[in-house]
Amino acid sequence: MKTHSIKPSDVTREWWIVDADGVVLGRLASEVAKILRGKHKPTFAPHVDVGDHVVIVNASKVVLTGNKLIAKQYIRHSGYPGGLRSVPYSKLMATRPELAIEKAVKGMLPANRLGRSMIKKLKVYAGSQHPHSAQDPNPMDLKEVAAPQDPEQAHTIEEVTGG
C-alpha cells in the first residue's frame, strides 16, 4: 500500500465563523492559523494549501492581557533613513481593529507563497455583521481555549478609551 499524497484538486474547504468577543488576541490568532493551514485535517500536507476559510466577527472586542494594550507597538520601516514608523496598539484598535487580528494571524503563518494564499482565506470584521452567511459557516467556540486565564488582567480597547 502506497502513501497517499494529497493534490490541490483533492482539497475540500469549509467555512468557519469565530466570535472574538472576550478572547485573547494571541490565542485566537494561533487557533485561526491552525485552521487556515489545515492542521486540523487528517489530509494535512505542508506543501499544499488544504486549509479552510475563517470569518472573524467582533474584532473590536478582542482582549489583550497585562499592559500590552498601552505598550504594544506595530513597527514598520520604509527603508529610507529616518523611515521608522510605529503605531500604538490602542490607536490601531480605535481606527482599524481588523488589521490587528490580521497581523497577528499572518505572523503565525508561513512566510512564503503558501502563507500568502492562506491569509487570503481570512475575513475579519469589526462588528457582528458579515456578508458570508450564504457560505453557511460552521461556528467555532474558542471561549474555553482562548479565554483569558486571569480576567483581572484582560483589557479591551473600550476600557482604555472609555467608549
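Every test in (1) surrounded by 18 or more Cβ atoms within 10 Å (Cβ to Cβ); (2) more than 18 Å from M108 (Cβ to Cβ); (3) at pLDDT 95 or above is passed by G82 save one, and that test is (1). Filtering segment 30-43 for residues that are of a type in the set (G, A, S) and modelled with pLDDT under 95 leaves an empty set.
Could you tell me which residue of segment 65-79 is nearest to Q149 (Cα to Cα), considering only residues that are out of contact with any strand residue (DSSP E or B) (no Cβ under 6 Å at 6 or more places or on another chain) and at pLDDT below 95? Step by step, filter segment 65-79, then rank; the result is G66. Scanning segment 1-25 for residues that are surrounded by 15 or more Cβ atoms within 10 Å (Cβ to Cβ) and either of a type in the set (S, T, Y) or in a helix (DSSP H, G or I) (or both) yields one hit, L25. Taking segment 30-127 as the region of interest, the strands (runs of 3 or more DSSP E) fully inside it that hold 1 or more residues being among the hydroxyl-bearing types (S, T, Y) are 73-77, 84-88.
For (1) surrounded by 17 or more Cβ atoms within 10 Å (Cβ to Cβ); (2) within 17 Å of G26 (Cα to Cα); (3) at pLDDT below 75, each residue gets a yes or a no:
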| position | (1), (2), (3) |
| --- | --- |
| Q129 | no, no, no |
| P139 | no, no, no |
| L142 | yes, yes, no |
| A146 | yes, yes, yes |
| P151 | no, yes, yes |
| E158 | no, no, yes |
| G162 | no, no, yes |
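With respect to (1) surrounded by fewer than 16 Cβ atoms within 10 Å (Cβ to Cβ); (2) without any contact (Cβ under 8 Å) to a residue 24 or more places away in the chain, the lone exception for E102 is condition (1).
Within segment 76-99, can one find any residue that is within 19 Å of L36 (Cα to Cα) and within 13 Å of the chain's Cα centre (by Cα)? Yes - at least one qualifying residue is present in segment 76-99.
Considering only residues that are without any contact (Cβ under 8 Å) to a residue 60 or more places away in the chain and β-branched (V, I, T), look in segment 49-77 and name the one that is surrounded by the fewest Cβ atoms within 10 Å (Cβ to Cβ). Working first, answer last.
Step one: filter segment 49-77 for residues without any contact (Cβ under 8 Å) to a residue 60 or more places away in the chain, giving 50, 67-68, 71-77.
Now drop any that are not β-branched (V, I, T), which leaves 50, 75.
Values: V50: 21, I75: 8.
Top of the filtered list is I75.
The values are calculated or read from the model by the stated rules, or taken from the named source; none is laboratory data. The structure presented is a predicted model; accordingly, all values stated were derived computationally and were not measured. With ideal geometry, Cβ positions are generated from the backbone for all residues, glycine too; neighbour counts draw on all protein chains shown.
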